[in-house]
1. Arrange Cys41, Cys112 by Cβ neighbour counts within 10 Å, fewest through most, would you?
2. Using only the Cα atoms of segment 1-110, build the gyration tensor, take square roots of its eigenvalues as a ≥ b ≥ c, and label the shape rounded, prolate or oblate: rounded if a/c is under 1.5, else prolate if a/b is larger than b/c, else oblate.
3. Where a Cα-Cα gap under 21 Å defines reach, which lysines qualify for Lys50, not counting those fewer than 8 residues away within the same chain?
4. What is segment 110-223 by shape, rounded, prolate or oblate, if you read a ≥ b ≥ c off the alpha carbon gyration tensor as root eigenvalues and call it rounded for a/c under 1.5, prolate for a/b larger than b/c, and oblate otherwise?
5. Give me the dipole magnitude in Debye, nearest 20, for the chain about the Cα centre, with unit charges on the beta carbon: positive for Lys and Arg, negative for Asp and Glu.
6. So what's the back-of-envelope 222 nm ellipticity for the chain, counting only DSSP H runs of four-plus at -39500 (n - 2.57) apiece and dividing by all residues, rounded to 500?
7. Can you list which of the GluC sites (Glu not before Pro) found in segment 1-109 are DSSP loop residues with at most 12 other C-beta atoms within 10 Å?
8. Report the charge-dipole magnitude of segment 36-169 in Debye, nearest 20, computed about the Cα centre from +1 at each Lys and Arg Cβ and -1 at each Asp and Glu Cβ.
Amino acid sequence: MTEKNLIRAYGDRRDDGIIQISFTLPVAASEKAKEAAQLYCQKLGLTDVKVAAAERAADQYTFFIVYARSPVIIDYNEIDTPEISIKKLGFYELNDLIEERLARKVVVFGACTGTDTHTVGIDAILNMKGFAGDYGLERYPWFDAYNLGSQVPNAELIRRAKEKNADAILVSQVVTQRDVHKENSRQFIDEAKAAGIVGKTTLLLGGPRVDHKLALELGFDAGFGPGTKPSDVANFVVHQVLQRHGKEAKGTHFQGEPT
Ligand code: B12
């Protein structure tokens, strides 16, 4: 039997259970609203509740930040979740690797698909300037990156990618109301199956509410969430492409910092 690793939230001291939460209630900002926030937190099972901020969010809406103590204890060793672990190569090393092993450019297509207009995330990954000081894929001389923009129908993205024999397709989904991101992603996978590219083209899903586990469940090869850097995506795609072409042993991915 595995040993337990019981953990609680850390606030000021180890195991004090102190957490910070934020939420909005549909009432105007007032002392009564603060009391409502207190009561709400108590009903969540929290104690030592302190309403640190209560700000008007809109007419009849107040946004709260609360500190409180949670009794919850979890066993960290019970958690088993898929995770992308990869030893990242730096910009120059990765380009050199593509040149040496593949001797052609890696072709990627990306878009924000369905009804979603939020392009900032996919732009951060693909555009020349990149994100957080990390170059986007357009900047890599050994990548050919096509960014089709927003509200692109799934079938159109797949058709355009197939025309260029794309190695990878990047789907961005930001709006999650009524799980529209999942519904649209499932529709993308259905289209990809019909087009015969599943298992041949690397299919990536990304967005603020996406994680690797969700993407795998939906049928993608990997998922990338908030804070993803273009170099994370570039490294993942290159290793997948090399492995698909038998130019790198499977399971070469392992954890580590960029060299
Ligand atoms: C900018 C913005 C807009 C702009 C978008 C402009 C544009 N060209 O993109 C405009 C004003 C048009 C807009 C419109 C709307 N928006 Co808006 N918007 C935002 C805002 C403020 C920022 C989003 C953003 O740019 N984030 C920055 C990027 C860099 O982060 P990111 O997307 O997470 O991307 C990173 C990762 O997730 C990952 N990633 C993302 N995609 C991919 C894909 C792949 C393949 C990979 C590998 C990685 C990856 O890499 C990126 C870099 O790390 C957010 C609130 C917020 N603060 O987040 C609301 C927000 C996303 N919008 C929201 C809403 C509701 C809307 C509207 C529906 C509003 C309306 N009623 O009209 C419309 C949407 C219309 C539509 N059909 O989509 C909600 C969504 C709520 C929900 N749960 O679904 C949010 C959260 C605001 C809120 N709190 O209510 N919006």
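1. Values: Cys41 24, Cys112 28.
Ordered from fewest to most neighbouring Cβ atoms within 10 Å, Cys41, Cys112 come out as Cys41, Cys112.
2. On the way: a/c = 3.88, a/b = 1.79, b/c = 2.17.
Oblate.
3. Correct list for Lys50: Lys32, Lys34.
4. Details: a/c = 1.58, a/b = 1.16, b/c = 1.36.
Oblate shape, in that a/c is at least 1.5 and b/c is the bigger or equal ratio.
5. Numbers: 32 positive and 35 negative charges, 57 e Å.
That gives a dipole near 280 debye.
6. Values: 7 runs with 78 residues, N = 259.
Helix-only estimate at 222 nm: -9000 deg cm²/dmol.
7. Numbers: sites: Glu3, Glu31, Glu35, Glu55, Glu78, Glu83, Glu93, Glu99, Glu100; in loops: Glu3, Glu83.
Those satisfying the criteria are Glu3, Glu83.
8. On the way: 15 positive and 19 negative charges, 46 e Å.
Dipole size: approximately 220 debye.
Only the coordinates and a few stated rules stand behind these numbers; no lab work does. Predicted model, so just to flag it, every value in this text is computed and none were measured. So basically every Cβ, Gly included, is an ideal-geometry build from the backbone, and we count neighbours across all protein chains shown.
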